[in-house]
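Have a look at the structure below, then the notes.
Each value in this text was obtained by applying a stated rule to the coordinates, not by laboratory testing. Because the structure is predicted, anything quoted here is derived from the model rather than measured.
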């Protein structure tokens, strides 16, 4: 099984023109041409790869109202099949994509990374109007 950094470096070469993927040890930083950005965290297991991105932190989710945040997440989950929004153990709203292979192709991984980053950034802007995460 190849390491995350190896997979992410290949994906960075195939990324979308509107986004630059910068691999890190435990994920990636996605920089969009509109100056917004999003951090991605990766977990590689024998069953596949799970990539997460924080939409808003626990404090901001509490300020906005957890019910409002969860309702928006549920509504979004019904509209999209690839990105799932959920509250993590730390009560942060995160977006998640599960890739059910340990070594996806570089194009597929690049697509998943940039799609997750864009959807999380969109949700973050919708909830807070800011670019924090």
Matching residues in segment 93-133 - criterion: being on the phi < 0 side of the Ramachandran plot and in a loop (DSSP other than H, G, I, E, B): 100, 101, 102, 103, 104, 105, 130, 131, 132, 133
When (1) assigned to a helix (DSSP H, G or I); (2) within 22 Å of residue 27 (Cα to Cα) are applied to residue 90, the one that fails is (1)
